[in-house]
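Notes follow once the structure below has been shown.
The values are calculated or read from the model by the stated rules, or taken from the named source; none is laboratory data. The model shown is predicted, which means the values in this text are computed figures rather than measured ones. Heads up, the Cβs are rebuilt from the backbone with ideal geometry, glycines too, and the neighbour counts pull from every protein chain shown.
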């Protein structure tokens, strides 16, 4: 089906991010402008993947390029990438880059109050 094809198509992008291959990931996203917002079968975005893999610099680049939309996307468990930072890594540098001002707009408060499926906040 279409969904399976889509997941397969974006799997290589998710692998590039997971292994820290920014140049390959960037080239992929340049060819497909919707790729940045693609999700895996678990609903995770490439920002979720970068957070889990601990790639701080890639996270910062994705936050900058994906703006509020990417940062606010949730996986199937209702976790934003920031919630994963809080739960899995505790990396305050990554957390800060997600909640700082983006284009003059403070998104942090919204992000800090977004609940997962269990009603928990980051």
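Observations
- Hits in segment 79-99 - residues which are at pLDDT below 85 and closer than 15 Å to residue 62 by Cα: 93, 94, 95, 96, 97, 98, 99
- Residues of segment 21-55 that turn out to be without any contact (Cβ under 8 Å) to a residue 40 or more places away in the chain and more than 19 Å from residue 8 (Cα to Cα), as a count: 6
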